[in-house]
Amino acid sequence: MLGASVGILSLLALIFFALAVAASTIKIAREYERGVVFRLGRLIPLKGPGIFWLIPFGIDHVKMVDLRVITLEVPQQEIITSDNVTVKVNAVIFFQVADAQAAIVRVGNFLEATSQIAQTTLRAVLGQSSLDELLGAREKINDRLRAIIDRQTEPWGIKVGTVELKDAQLAESMVRALARQAEAEREKRAKIIATEGEFQAAQVLADAAQIISTQPAALALRYMQTLLDMGSNQNSTIVFPIPIELIRPLLAAPVPMPASPSLAVNGATIPQAAE
């Protein structure tokens, strides 16, 4: 009985040992994963996706690398722009591992390294930009950030797809100053538009006056039309100036009447009717 028990225990121990070896030997990589394997410290070709085998007992070591797009939020940075305005800015980076072996071999922690590169680049680029560029030309700044960060991380096998500035926080005094500036800008535009409208109206009136001045009858008709429009409201008293051209014929000197012949009768003069 004792020998049988020892045999069963030995069999169980052998089974557990075989399972442990199999667990350390068989690896499965998902579709978006790759296995970077070191055999006796030397890099061998990538493994995966799917099932692959490793040599146990410390001969093979594997590191799994995720090839999906990674979202990395850059912590808020306090930046002084080129026009000496203090701004707090944060950003977000979208990148992925393009070369899994380079991401493991050439840099200790590619996530941390990418984050640090993004922070320093953010301060450097925005420090060379003005506040107006930061607020109004974000797309241009985003492209510059992406190009610089991608150039720095390319040797590590990292491909930066997009860099976006999320938020820019200004001091309260600067917010009030920008509000006053925007209000002044709107008032300036309103005055310019009103002045341009008056100028165009004056040009049209001048052209109309030039045309009407060549046609006195047209001027008279225009005055009559204006009187007709004003006369539609019967509750108002209108004092309307009449142009002298309309009444000039009435102001002409009267035509003298011809003298009638007369007849003297008994010392009295009797006018004779004209024939």
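For this structure, a couple of remarks:
- Filter result for Phe110 (over 26 Å from Ala171 (Cα atoms) and in contact (Cβ under 8 Å) with a residue 60 or more places away in the chain): no
- Residues satisfying the stated conditions in segment 29-75, i.e. β-branched (Val, Ile, Thr) and either buried (at least 16 other Cβ atoms within 10 Å of the Cβ) or touching a residue at least 24 places away in the same chain (Cβ under 8 Å) (or both): Val36, Val37, Ile51, Ile55, Val62, Val65, Val69, Ile70, Val74
- Hits in segment 15-63 - residues which are at pLDDT 90 or above and either in the same structural domain as Val107 (by TED's automatic domain parsing) or in contact with a helix residue (DSSP H, G or I) (Cβ under 7 Å, 6 or more places away or on another chain) (or both): Arg34, Val36, Leu43, Leu46, Lys63
- Any hit, segment 27-40, residues being over 30 Å from Ala147 (Cβ atoms) and over 53 Å from the mean Cα position of the chain (by Cα): yes
- Test: Phe110 is at pLDDT 95 or above and either closer than 18 Å to Pro155 by Cα or more than 25 Å from the chain's Cα centre (by Cα) (or both): no
- Tally of residues being at pLDDT below 90 and not charged (D, E, K, R) across segment 129-164: 7
- Per the conditions (1) over 22 Å from Gly35 (Cβ atoms); (2) in contact (Cβ under 8 Å) with a residue 60 or more places away in the chain; (3) exposed (fewer than 15 other Cβ atoms within 10 Å of the Cβ), the sole criterion not satisfied by Thr120 is (2).
The values are calculated or read from the model by the stated rules, or taken from the named source; none is laboratory data. Model, not experiment: these values are computed from the prediction. Every residue, glycine as well, gets a Cβ built from its backbone with ideal geometry; the counts of neighbours run over all protein chains shown.
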